[in-house]
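Undergrad: My structure is below; once you've seen it, I'll send some questions.
The values are calculated or read from the model by the stated rules, or taken from the named source; none is laboratory data. Predicted, not measured: the structure shown is a model, and the values here were computed from it. Don't worry about glycine lacking a Cβ; one is built from the backbone with ideal geometry, like all the others, and counts go over all protein chains shown.
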Amino acid sequence: MGNLDRFYSEIAENADVSERHHGERSQSERHHSERNDSERNDGILRFPAGSPAASTKGCSAALNLVYQAAEVIKDIESQATEVEKTSYQKLQIAQKRIEELETELRSAQHCINEARAKLKESNEIAKAERSRLDIAEKRMCELEMRARTAEGQARENANSVARIEEAIRTQILSRRMPTNKMTLTA
């Protein structure tokens, strides 16, 4: 049986004793009680005088109840103190963990910011390289066009040279031919 159960059972026992004692009151006590009711109306409360044995028994029962209540309160206080200690320890652990997580968060944010800066720098470098590549491709296209044009002119020049050579050959041959024709005719 717990402390509170004991406390309430003794209160009930003491109430039974009080009721029995109440039923045994004498006529003079009732008269005294009626007089007390009239005095209560005047704002003064007077306690009836009881027998010394009943008064001592009631006092010891009340004192016993007070001791029991004190013991229950003491147990509740010790439990509360223990709960407070464990709660404080848990709070300290939780606060320490929060601080650790906040430190990790700041570190992660720092790494993220560095990564973003590097990514931005890389994007700028990539843009510059892409621009240089585009310029180089345009330059290469221009050079290819020039090379084709030069090839076309070279072919045309080669054809011109070939025609000129043919014309020269034809002229040379035509000058020689009349001498040869004369020799043949003679």
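Undergrad: Going by what's in this entry, would residue 83 be described as part of a helix (DSSP H, G or I) and in contact with a helix residue (DSSP H, G or I) (Cβ under 6 Å, 6 or more places away or on another chain)? Give the derivation first.
TA: On the way: part of a helix (DSSP H, G or I): yes; in contact with a helix residue (DSSP H, G or I) (Cβ under 6 Å, 6 or more places away or on another chain): no.
Taking the combined requirement at face value, the residue does not satisfy it.
Undergrad: Of the conditions (1) of a type in the set (A, V, I, L, M); (2) exposed (fewer than 11 other Cβ atoms within 10 Å of the Cβ); (3) part of a helix (DSSP H, G or I); (4) at pLDDT below 95, residue 54 clears all except one; give me its number.
TA: Going through (1) of a type in the set (A, V, I, L, M); (2) exposed (fewer than 11 other Cβ atoms within 10 Å of the Cβ); (3) part of a helix (DSSP H, G or I); (4) at pLDDT below 95 one by one, residue 54 breaks only (2).
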